[in-house]
1. Would you pick out the residues in the range 63-102 that are among the charged types (D, E, K, R) and under 25 Å from VAL31 (Cβ atoms)?
Amino acid sequence: MTPMTVENKFDLTANTRIAIPIIIDLEERKVIWTDLSLNENPSTSNNVYNNLSSVTIINKSMTTLNKPNLFDLFKLHIAARGERTFDIKEASMIFATKNSVKPFDIDTIISEYL
């Protein structure tokens, strides 16, 4: 049976034999986007058991990594490139839910602000 709609999907494309696109945390019930491709060519079978020490280090670092939220990211952007104003007429860039860069403009945020 073919599903009528797809709710969550991502394409995995990497020119390596080792890829860790996401970590699924079953305890916290969340998905952590890692987007990792490793250039190693394993001499043994490529599985978690044979790479346990490396996978453990990668998982630990990716799950404890402190990432800024959008407010902090845009605050850093303002501090580095401009000055904050509350007058919309003075603003050259607007971060809001209805104007210019919106929280759901993921492609723009990733390409221009990260």
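1. Here is the first cut: in the range 63-102, the residues among the charged types (D, E, K, R) are 67, 72, 75, 81, 83-84, 87, 89-90, 98, 102.
Scanning the range 63-102 gives LYS67, ASP72, LYS102.
Residue-by-condition table, conditions (1) at pLDDT 85 or above; (2) closer than 21 Å to GLU112 by Cα:
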| position | (1), (2) |
| --- | --- |
| ILE18 | no, no |
| LEU26 | yes, no |
| LEU36 | no, yes |
| ASN47 | no, no |
| VAL55 | no, no |
| SER61 | yes, no |
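The values are calculated or read from the model by the stated rules, or taken from the named source; none is laboratory data. Computed from a predicted structure; not experimentally measured. Every residue, glycine as well, gets a Cβ built from its backbone with ideal geometry; the counts of neighbours run over all protein chains shown.
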